[in-house]
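Undergrad: To start, I am sharing the structure in question, which I have written as structure tokens.
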Amino acid sequence: MIYTSIENAKMKDLKKLHMKKYRDREGLFLVEGEHLVEEAYHAGILKTIIIEENHDYDYAVEKMYVSQAVLKFLSELETPQPVMGVCEKPVFQTLQGNILVLEDIQDPGNLGTMIRSAVAFHMGGIVVSLNTVDPYNEKVLRASQGLLFHIPLIVGDLKEILPTLKAQQYHILGTKVTHGKNIKSIEKNGLFAIIMGNEGKGMSEQIGEFCDDFVYIDMSDECESLNVGVAASILMYELDK
């Protein structure tokens with residue numbers, strides 16, 4: 001069977017997965033393109049593959065064939081690729097290893113960059129605040145290049161999660177340009193959680209109260225600040241054992 005009508009109820013339901021409230025309600029999200037579909041499949045979260053007619057892909061999951069018009073209707077890309085996937089959102093209750101904590105990150109590209117770097121530099125997991133951009137937003141997924149599927153991630157209230165991390169003997173690091181320690185001077189003994197704040201406001205004072213130390217990146221006086229994704233990547237690299 002080939003779905004040819006954008007008025008089909010099933011197609012309309014799939015289209016709704018581009019909205020966060022439906023992703024949260026259904027526990028599902030969409031990926032677009034061969035690379036992300038393949039990454040989702042290998043991560044074991046690919047539930048259904050949506051394929052443009054006259055194409056085929058060899059994945060051991062449910063297949064749904066659609067016309068070019070329907071694929072264009074479902075896609076968020078200017079030039080739709082011939083394959084999409086419906087994926088199940090993984091659920092994590094606990095994290096192990098070093099942790100990246102993100103407070104109210106708004107830019108999908110920044111979040112995607114930090115996810116990629118967290119995987120690259122062996123972080124054990126990521127915690128994002130309730131007001132951070134949805135990690136399953138299609139722009140975040142593309143920016144992360146599918147590496148989101150390879151690291152545990154929890155969305156929650158940082159005021160509840162950070163005390164739990166402290167009770168587990170995590171050394172909590174915040175970022176501060178003044179009155180902080182050079183990141184190179186931080187001892188790498190034990191587990192750490194590093195907090196990155198909002199692009200415009202930085203880390204809030206309320207969240208800063210949970211920090212055991214504050215760190216900064218030594219750089220040229222000509223540069224006032226770094227993009228949060230770049231800064232987080234440097235910090236995770238420096239703290240990687």
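The values are calculated or read from the model by the stated rules, or taken from the named source; none is laboratory data. Given the structure is predicted, the values throughout are model-derived calculations rather than measurements. Note that we place each Cβ from the backbone using ideal geometry, even for glycine, and neighbour counts take in every protein chain shown.
Undergrad: Criterion first (outside the structural domain of ILE195 (by TED's automatic domain parsing), surrounded by 13 or more Cβ atoms within 10 Å (Cβ to Cβ) and either within 30 Å of HIS122 (Cα to Cα) or touching a residue at least 60 places away in the same chain (Cβ under 8 Å) (or both)) does LEU46 satisfy it?
TA: In short, yes.
Undergrad: Would you confirm whether or not the stretch 130-139 contains a residue that is touching a helix residue (DSSP H, G or I) at 6+ places or on another chain (Cβ under 9 Å), among the hydrophobic types (A, V, I, L, M, F, W, C) and not in a loop (DSSP other than H, G, I, E, B)?
TA: No, the conditions are met nowhere in the stretch 130-139.
Undergrad: Continuing with this model, one more query. Run ASN8 past the list (1) within 16 Å of the chain's Cα centre (by Cα); (2) loosely packed, with under 15 Cβ neighbours inside 10 Å and report the number of the one that doesn't hold.
TA: Exception for ASN8: condition (1).
Undergrad: For the stretch 32-67, what are the residues that are under 17 Å from MET1 (Cα atoms) and modelled with pLDDT of 95 or more?
TA: THR48, ILE49, ILE50, ILE51, GLU52, VAL61, GLU62, LYS63, MET64, TYR65, VAL66, SER67
Undergrad: I've got another one for you. Can you list residue pairs whose Cβ atoms sit under 7 Å apart, with the first residue in the stretch 216-241 being assigned by TED's automatic domain parsing to the domain that holds LEU191 and the second being among the acidic types (Asp, Glu)? Count only pairs 6 or more apart in sequence or on different chains.
TA: Sorted first by the residue in the stretch 216-241, then by its partner, the pairs are VAL228/GLU199.
Undergrad: Another one. If we scan the stretch 191-212, do we find a residue that is in the same structural domain as HIS122 (by TED's automatic domain parsing), modelled with pLDDT under 85 and not in a strand (DSSP E or B)?
TA: no
Undergrad: Considering only residues that are in a loop (DSSP other than H, G, I, E, B) and more than 21 Å from ASP107 (Cβ to Cβ), which ones fall in the stretch 220-241?
TA: Scanning the stretch 220-241 gives SER220, ASP221, GLU222, ASP240, LYS241.
Undergrad: Among the residues of the stretch 77-124, write down those that are loosely packed, with under 14 Cβ neighbours inside 10 Å and charged (D, E, K, R).
TA: GLU78
Undergrad: Is it the case that the stretch 184-205 has a residue that's polar (S, T, N, Q) and free of Cβ contacts under 8 Å to residues at least 24 places away in the same chain?
TA: Yes - at least one qualifying residue is present in the stretch 184-205.
Undergrad: If you check LEU100 against the conditions, is it within 19 Å of LEU239 (Cβ to Cβ) and more than 14 Å from the chain's Cα centre (by Cα)?
TA: no
Undergrad: Quick one: in the stretch 197-212, of everything that is within 18 Å of ILE161 (Cα to Cα) and acidic (Asp, Glu), which residue is surrounded by the most Cβ atoms within 10 Å (Cβ to Cβ)?
TA: ASP212
Undergrad: If you don't mind, there's one more thing I want to ask. In contact (Cβ under 8 Å) with a residue 60 or more places away in the chain, farther than 18 Å from ILE115 by Cα and surrounded by 20 or more Cβ atoms within 10 Å (Cβ to Cβ), is that true of LEU165?
TA: Taking the combined requirement at face value, the residue satisfies it.
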